[in-house]
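So the structure is just underneath, and the comments pick up after that.
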Amino acid sequence: MESFRVSVLGSTGILGQRFLSLISKLPNFELSHISSSDSKYGKRLSNSVKWIIDDDYPEEYGDFKIDNTHDIGTISRESDIVFSALPTDASSVEIEFAKKIPVISKSSLNRMLPDVPLFVPGVSHDQLEILHYQRRNNNYSGFITCDANCSSTQLSIAIKPLIDLSIDDIVVDTMQAISGSGYPGLSSMDIADNVIPYIEKEDEKIITETPKIMGKHRSGTIIPMNLNITAMCNRVNVTDGHMETVFMKLNDPPELDEIVKRMSSQRNLIIDTKIPLFPEKLLMVNLNKGRPQPRLDRRLNGGMSVIAGGFKLSGNWLSFTTLSHNTILGGAGSALVQAGILISRGMI
Ligand SMILES: NC(=O)c1ccc[n+]([C@@H]2O[C@H](COP(=O)([O-])OP(=O)(O)OC[C@H]3O[C@@H](n4cnc5c(N)ncnc54)[C@H](OP(=O)(O)O)[C@@H]3O)[C@@H](O)[C@H]2O)c1
């Protein structure tokens with residue numbers, strides 16, 4: 001099996017930790033470099049990370065020294081892929097890496113650039129072809145490709161089986177986990193026993209990213225799909241697992257049974273179970289009352305599926321609830337699946 005050297009920028013944060021944990025279980029990935037903010041530069045991982053996620057700490061990485069995120073020369077020379085889990089305001093370095101090697105980013109900074117794919121497993125694989133144009137037009141030896149925001153990822157996987165229906169409007173109301181704001185994130189005095197009906201820029205991300213995710217690649221650019229989306233975002237007192245209540249106004253809705261059948265049979269979803277971490281079913285339906293729930297359902301299929309339930313049809317309005325793990329499917333998991341697809345296509 002061919003082996004790939006991978007590096008993680010922002011390795012000590014919530015997503016960085018998910019990357020380290022998942023990479024340690026992938027036999028074809030060998031961890032090469034890790035970075036964080038300057039405060040930890042030069043220290044060993046074991047002395048600098050505060051392990052906060054509910055997966056085991058990979059002891060074998062404990063002796064890794066934290067590199068300077070801006071040591072582009074060394075990191076790119078000694079890596080085949082760079083995963084970026086940097087905050088948006090520290091992500092301008094991603095383009096510098098892309099000039100040299102493939103970069104898969106979780107940050108929002110470069111997501112909406114016209115020649116950057118917006119990847120969601122099972123939905124926007126075709127957009128990866130744009131990387132050939134990006135490389136050629138910018139004279140990059142590498143490239144940059146982005147995963148979509150966790151909430152847009154969840155919404156896109158859920159609506160994909162219905163996308164050929166005549167959709168007038170989509171309204172989404174989110175209930176997003178605390179881990180979505182990183183570590184240490186919100187103060188407990190703000191979020192304990194509370195719901196905060198505001199997440200900075202999150203509604204805009206859902207509104208702008210979803211049409212791009214559902215869009216088509218044409219000769220080096222992505223033509224967004226025409227979708228009318230309204231989003232309201234809330235932070236709730238749950239550690240992991242975002243929920244979304246989705247309302248879709250359909251021009252000529254099919255019977256509810258037909259809608260549920262489409263969603264449970266994943267019609268239109270591309271399945272490639274040979275890619276590590278790619279689940280057999282990206283979209284699962286749970287018709288039990290009161291499901292899905294974060295605590296009960298977020299780790300289904302290793303945290304790599306969207307679970308939908310609570311379907312209702314009232315006149316032209318279809319509504320349902322979805323759940324996905326924001327730091328696995330919406331986080332490191334998607335980026336690792338994206339890497340697997342790029343490798344399988346010979347693009348890395
Ligand atoms: N959390 C989620 O559910 C989620 C989902 C999808 C996408 N994202 C996106 O993924 C990125 C990482 O999110 P996160 O939740 O993992 O955030 P986080 O927990 O705050 O972690 C940020 C990481 O970046 C490092 N860092 C901070 N400032 C830096 C700087 N100026 N230069 C270099 N490194 C710096 C931090 O190092 P220190 O440990 O030294 O501070 C830490 O390793 C963000 O862009 C976020 O929007 C997050």
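The values are calculated or read from the model by the stated rules, or taken from the named source; none is laboratory data. Owing to the predicted nature of the structure, the values given are computational and were not obtained by experimental measurement. We place every Cβ from the backbone using ideal geometry, glycine too, and count neighbours over all the protein chains shown.
Having 2 or more residues that are surrounded by 20 or more Cβ atoms within 10 Å (Cβ to Cβ) and among the small types (Gly, Ala, Ser) is the bar; report the strands (runs of 3 or more DSSP E) wholly within the stretch 258-348 that clear it.
Hits in the stretch 258-348: 306-314.
Examine the stretch 164-172 for a residue that is assigned to a helix (DSSP H, G or I), modelled with pLDDT of 95 or more and of a type outside the set (Ser, Thr, Tyr), and state whether such a residue exists. So far as the stretch 164-172 goes, no, none of its residues is assigned to a helix (DSSP H, G or I), modelled with pLDDT of 95 or more and of a type outside the set (Ser, Thr, Tyr).
If you scan the stretch 24-53, which residues turn out to be within 16 Å of the ligand (Cβ to nearest atom) and either of a type in the set (A, V, I, L, M) or loosely packed, with under 13 Cβ neighbours inside 10 Å (or both)? Steps first, please.
Just the residues of the stretch 24-53 that are within 16 Å of the ligand (Cβ to nearest atom), to begin with: 31, 33-53.
Matches in the stretch 24-53: Leu31, Ile34, Asp38, Ser39, Gly42, Leu45, Asn47, Val49, Lys50, Ile52, Ile53.
In the stretch 108-116, is there at least one residue being within 11 Å of the ligand (Cβ to nearest atom), closer than 16 Å to His217 by Cα and part of a loop (DSSP other than H, G, I, E, B)? Yes, the conditions are met somewhere in the stretch 108-116. A single member of Ile178, Ile130 is modelled with pLDDT of 95 or more and within 16 Å of the ligand (Cβ to nearest atom), and it is Ile178. Number of residues in the stretch 174-193 that are crowded, with 17+ Cβ neighbours inside 10 Å and either more than 30 Å from Ser36 (Cβ to Cβ) or of a type in the set (A, V, I, L, M) (or both): the value is 4. Pairing residues of the stretch 181-207 that are in contact (Cβ under 8 Å) with a residue 60 or more places away in the chain with residues that are assigned to a loop (DSSP other than H, G, I, E, B), at Cβ distances under 7 Å and at least 6 apart in sequence or on separate chains, gives Gly182/Gly13; Tyr183/Gly13; Tyr183/Ile52; Lys205/Ser108; Lys205/Asn149.
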